[in-house]
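For reference, the structure is listed below as structure tokens.
Values quoted throughout were computed directly from the atomic coordinates according to the rules given, and no laboratory measurement underlies them. Because the structure is predicted, anything quoted here is derived from the model rather than measured. Neighbour counts run over all protein chains shown; Cβ positions are idealised from the backbone, glycine included.
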């Protein structure tokens, strides 16, 4: 497959180009941090009203490309059903958009939906107790965490209503026996949430690897857990993921600067 695609920077609205650059950066960062699963899973970003008006349109990965190959110009524009809306030469996987469209449909605030099949995430999703309150990272996740039972490969529209009901207003969703999902107002928000979610799972897997059970671990005091939502607001709510996003982009520029092509 020829991966060469002309830049669309001069053919799209400036707001769309900025979103494309941020989303391509997010794909590259997911690969860089080791959360990708070959060409599978997706990160979707909703186009702003300045571009799409009141119509719901999204950017998503060109199906068949590794996450570290994705560029701003190769991203595909789709509608709520995952149908292509532009002349991008790469295919898109409508079935892979089922979970994302369900979240975008139910959550007006879902500017970005990030889904992974990471090893640690799937491991914890298979543990009956789910995320344990054993790390500082887990306390942030537990402040806004929901679970959705496994129903097989998520390709059926009928699963959408159950997924939407399970997610509710949570920003972290553990898909049982499947993986992790985060919802963010921005791409930066969704990425920062996934970074925290993934590390919570990695820490938990490591903690349980020492031949101990969940009962043998030290839990964070419930009173502290109750105060986490306020602590999150004080720490990052004024900027959200933008608190760390510029530093992440600088890291990406040093290692994979072609993402913005």
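Counting only DSSP beta bridges with both residues in the stretch 9-260, tell me the antiparallel percent, nearest 5.
Numbers: 19 of 23 bridges.
Beta bridges within the stretch 9-260, antiparallel portion: roughly 85 percent.
Return the percentage of antiparallel bridges among DSSP beta bridges fully within the stretch 101-251, rounded to the nearest 5 %.
Rounded to the nearest five, the antiparallel share is 70 percent.
Please grab the % of Cα pairs in the stretch 18-74 that end up more than 14 Å from each other.
52 percent
If one takes the longest principal axis of the Cα atoms in the chain, at what angle in degrees, from 0 to 90 and to the nearest 10, does the Cα axis of helix 14-32 lie?
Roughly 50 degrees, rounded to the nearest 10.
When the helices in the chain are scored as -39500 (n - 2.57) per DSSP H run of 4 or longer and the sum is shared across all residues, what 222 nm value do you end up with, to the nearest 500 deg cm²/dmol?
-11500 deg cm²/dmol
Find the relative contact order for the chain and round it to a whole percent, using C-alpha pairs within less than 8 Å whose residues are 6+ positions apart.
Details: 438 pairs, mean separation 54.1, N = 261.
Relative contact order comes out at 21 percent.
Over all directions, the average projected area of the alpha-carbon convex hull for the stretch 105-219 comes to how many nm²?
For the stretch 105-219, averaging the hull's shadow over all directions gives 7.0 nm².
What's the extension gain from residue 157 to residue 257 if we count 0.36 nm per residue and subtract their Cα-Cα distance?
On the way: separation 100, 0.36 × 100 = 36.00 nm, distance 3.77 nm.
Length difference between fully extended and current span is 32.2 nm.
Between the helical axis of 187-208 and the dominant principal axis of the chain, each derived from Cα atoms, what acute angle in degrees is found, rounded to the nearest 10?
That helix lies at roughly 40 degrees to the long axis.
Only residues of the stretch 121-143 count here: report those whose backbone N is under 19 Å from the spot 7 Å along Cα→Cβ of residue 213, or say none.
Those under the cut-off are 124, 126-134.
Can you give the log10 of the normalised intensity I(q)/I(0) at q = 0.12, 0.15, 0.20 Å⁻¹, computed with Debye over equal Cα scatterers of the stretch 157-221?
The calculated log intensity ratios at q = 0.12, 0.15, 0.20 Å⁻¹ are -0.43, -0.64, -0.93.
Hey, what angle do you get for helix 245-255 against the long axis of the chain, alpha-carbon based, 0 to 90 degrees rounded to 10?
70 degrees
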